[in-house]
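Report on one structure; see the data block that follows.
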């Protein structure tokens, strides 16, 4: 068992690097199944979700070699979906991304239901509907999906919602089918565009990246490619909010400004300021943080649901009331009960809204991380709190943030990982 021990109340100072995007890496790893040739993927974050996806691919026979600290070689010339590691699939939400790439390459296979964060219902109906329009038959059993892809075809597909992973699954399938596929109501997140760039490097033709309509002309034989993963916008946002909340003049390196437009704008509404240079964003500590009337999460380019919880911690330090509205998931407020134990004034209005009143002094407690983003947010709360905070279930944090305690220690944070041997 491992947990974080954090002593708060200390200003941070220095530089912190943003690693590669988790949400770009997992679909791109899934997309390497589309070719039998070698792919070289760089800037891979060393996090648990990526490790699990690599292990899932290896269980099917994919050859993966580390050729640098964050660079791997992937070759999927001999693979067998029947050998897939069932338990790891059930641990990882991103394993749903194998639907598209395996449907492109195999006529029949089964995929066990994916796992992931407990943040509410994450229906796969949009995936099924999109793939069905492309000729894929999916029979949902109690524990797995039975897929028949013999009749796969290019098509015009209108997605039922702007689902990121449904868009990505449809893109991967379309990339390996001759003819033109048109996808409408697509998600436009930077990591979706990054997958598109990788598919183009494999040999697919894609028009409309970054828009809600994609035209994809695929080919039966895709070739190998080299690709560098984009920086993680959610991680960058977490560190920026951390700097603003703690009043710390930190530099966030490898942050991409145009992936963070609305996040930066909302932080300015709270009273923050920034100096933005080539490849970095400096936090200029605010003299006073002011609550904003409402912050709601939306599909890109809106505020990501993934950074709602960090904003919630920030709201505890801002004068006035902030209504946090998460339109995407009904389980994103698990962290609220934990920060209330630390002294936060927060009222969950319903499954999609919480009202936070600040500023409040937080006090260290023993708390629990319920999901990936909540875990990172509780670290911010602990850095703000008086006294010592213990955060349990930190595997959730490790799923998306690489060695976060070591990186925060370099900023002067009093945080350490405690390992309890069985």
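The values are calculated or read from the model by the stated rules, or taken from the named source; none is laboratory data. Predicted model only: the values in this text are computed from it and were never measured. A quick note on method: Cβ atoms are made from the backbone with ideal geometry, for glycine too, and the neighbour counts reach across all protein chains shown.
Out of the residues in the stretch 331-342 meeting the condition of being outside any helix (DSSP H, G or I) and in contact with a strand residue (DSSP E or B) (Cβ under 9 Å, 6 or more places away or on another chain), tell me which one is farthest from residue 355 (Cα to Cα).
Just the residues of the stretch 331-342 that are outside any helix (DSSP H, G or I), to begin with: 331-333, 342.
From what is left, the residues that are in contact with a strand residue (DSSP E or B) (Cβ under 9 Å, 6 or more places away or on another chain) are 332-333, 342.
Working: 332: 14, 333: 11, 342: 16 Å.
My answer is 342.
Listed here are the residues, each with its yes/no results for (1) modelled with pLDDT of 95 or more; (2) more than 19 Å from residue 46 (Cα to Cα); (3) surrounded by fewer than 23 Cβ atoms within 10 Å (Cβ to Cβ).
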| site | (1), (2), (3) |
| --- | --- |
| 361 | yes, yes, yes |
| 378 | yes, yes, no |
| 384 | yes, yes, no |
| 388 | yes, yes, yes |
| 401 | yes, no, no |
| 414 | yes, yes, yes |
*Considering each of 37, 82 in turn, give the residue that is in contact (Cβ under 8 Å) with a residue 40 or more places away in the chain, in contact with a strand residue (DSSP E or B) (Cβ under 8 Å, 6 or more places away or on another chain) and surrounded by fewer than 19 Cβ atoms within 10 Å (Cβ to Cβ).*
37
_Please go through the stretch 258-275 and give me each residue that is surrounded by fewer than 16 Cβ atoms within 10 Å (Cβ to Cβ), over 19 Å from residue 290 (Cβ atoms) and within 24 Å of the chain's Cα centre (by Cα), ordered by number._
258, 261
_Which numbered condition residue 237 fails, given (1) within 23 Å of the chain's Cα centre (by Cα); (2) buried (at least 24 other Cβ atoms within 10 Å of the Cβ); (3) more than 30 Å from residue 271 (Cα to Cα)_ = (3)
*With (1) surrounded by fewer than 24 Cβ atoms within 10 Å (Cβ to Cβ); (2) outside the structural domain of residue 376 (by TED's automatic domain parsing); (3) farther than 19 Å from residue 395 by Cβ as the list, and residue 49 as the residue in question, which single condition is left unmet?*
(3)
*Hey, does the stretch 319-326 have a residue that's assigned to a loop (DSSP other than H, G, I, E, B) and touching a residue at least 12 places away in the same chain (Cβ under 8 Å)?*
no
*Enumerate the strands (runs of 3 or more DSSP E) found wholly within the stretch 163-281, keeping only those where 1 or more residues are touching a strand residue (DSSP E or B) at 6+ places or on another chain (Cβ under 9 Å) and closer than 30 Å to residue 15 by Cβ.*
225-228, 250-253, 273-277
